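The values are calculated or read from the model by the stated rules, or taken from the named source; none is laboratory data. Note that the coordinates shown come from a computational prediction; the quantities given were computed from them, not determined experimentally. As a convention, Cβ positions derive from the backbone with ideal geometry for all residues, glycine included, and neighbour counts pool all protein chains shown. When the accessible area is computed, the model is the full protein with side chains, heavy atoms only, and any ligands, DNA or RNA have been set aside. Shrake-Rupley method; radii C 1.70, N 1.55, O 1.52, S 1.80 Å.
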Amino acid sequence: CFYFGSVLEGNEEIPVAADVSNLFIQKTYAFDVVANATGYLDAIDGLPLNPDDDERKAMEKFRWNPIIKMNRGFTIYGNSTGQKATTALSQIHNSELLAYIKESLYNLSRDEAFKKGTYNEYLATETEVQSFMNDLALAGAIQPNPIVICNASNNTQEISKQKIKLIHVEYFNIDALDKVVFDLNLK
């Protein structure tokens, strides 16, 4: 199947996956679209398969992201994951953003200040995570006012005895109506 088409025609004919993966690596933020800031793929002269509207619609039914020629050039038409149900994470950049958030929060727990603090000092952790989430909102990655809870209400004595801090996070993606909710255990 031509998930992204077969090859890109330019100075050299290269598999499209290589170009798309390089664009993925070169992204500035986890929530950027893969096809760079403009949405168009650079230095492409043509595609062996350029789907028309009917072919594109058929591809989209399978949650594929065809590359098509638009007025200004070639673009990855779509940002869909392979999920069949439409959710807050059914777009690639939203799934990447969630992975970025979780990775960043795990990295907070590796900080010396976190390791030296006692496990009933929840306010510092809650404030640090809230600040991180607010920075994402200011950068335009998520909607304003994310919810972060890390206090005695969700960190029982049993949890703190296990040397774990439970952080509850809720946020809305910019282009989705579904809320993303997760609990993260930090050791």
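Overview of results
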| read-out | value |
| --- | --- |
| Inter-label distance, nm, simple model (7 Å from Cα along the C-beta direction), ALA152/THR87 | 3.5 nm |
| Solvent-accessible area of VAL169 with every protein chain in place, 1.4 Å probe, in Å² to the nearest 10 | 0 Å² |
| Most to least accessible of MET133, MET59 (protein chains only, probe 1.4 Å) | MET59, MET133 |
| Percent RCO, i.e. relative contact order, over region 88-187, from Cα pairs under 8 Å lying at least 6 residues apart | 27 percent |
| Carbon/sulfur fraction of accessible area - region 82-187, other protein chains in place, 1.4 Å, % | 54 percent |
